[in-house]
1. Suppose each label sits 7 Å from its Cα in the direction of the beta carbon; what would the L95-E160 distance come out to in nanometres?
2. Across every pair of different alpha-carbon atoms, what Kirkwood hydrodynamic radius in Å does segment 43-123 reach?
3. What is the spin-label model distance, in nm, from V168 to E62 if the labels are put 7 Å beyond Cα along the C-beta direction?
4. Under a crude label model (7 Å from the Cα following the beta-carbon direction), how far is K75 from E151 in nanometres?
5. Within a 10 angstrom radius of the beta carbon, how do K155, K72 rank from fewest other beta carbons to most?
6. Full extension from V176 to R18: what is 0.36 nm times the residue separation minus their Cα-Cα distance, to one decimal in nm?
7. On full extension of the chain, what length is gained from E40 through E53, given 0.36 nm per residue of separation minus the C-alpha to C-alpha distance?
8. Measuring from centroid to centroid over Cα atoms, what is the spacing of segment 22-41 and segment 72-115 in Å?
Amino acid sequence: MRRPLPTEAEAREILSRRRTRPAPRPAPKAGRALQGLIKELDGKLGRGAGALEPRWREIVGERLARVTRPQKLTKGRGESGGTLELRVAGPAALLVQHQSEEILQRVNLFLGPGTVEKLRIAQGPVKPLPDSPVTPARKAAAAAPLPAHQEAELKASVAEAPDGLRDVLERLGRAVLGDRGDRRR
């Protein structure tokens, strides 16, 4: 025999007498949950090829950095050092092979002594390095001094300016007058 459903008032009374479990807490965010594990693994395994990539140009030099990229760093078993796999643009592999000892020394200087013992070369396309901030050639070259009459006119024109501003205006004037002289030639 079927039981009749409770009325609305009876349902409220039943629900008020029963205690329900609190809602479970939401799971922590993945980054926070994995933070301890990542720190532990970083302590055990150290930095990988990703740590080399941003400073690769400084580590191996401009010439080698154009034709090589660090791909993978595997840790050696036991106390032996690891192996660094480099992606090398085709014909440059021979150059890299001849300079492998120097590359290993430089990488170990960056990562720590004995971190890398072997170099594995994988030939293939190498994506270009991001451009480094280069100063314009004009800035690198020393500006030629102004002729005496122009220098005197410049100093007279900014003589009434306050001290800090006067120096800045003189430099600006020299740059502008020097630039005009270059255009006339």
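Values in this text are rule-based calculations from the coordinates and carry no lab data. Given the structure is predicted, the values throughout are model-derived calculations rather than measurements. Cβ sites come from the backbone with ideal geometry, for glycine too, and all protein chains shown count toward neighbours.
1. Each label point lies 7 Å from its Cα, and together they span 6.1 nm.
2. The Cα-based Kirkwood calculation yields 12.6 Å.
3. That separation, rounded to one decimal, is 3.3 nm.
4. Here the modelled spin labels are 6.4 nm apart.
5. Listed from fewest to most nearby Cβ atoms, that is K155, K72.
6. 48.2 nm
7. Values: separation 13, 0.36 × 13 = 4.68 nm, distance 2.24 nm.
That pair, E40 and E53, stretches by 2.4 nm at full extension.
8. 35
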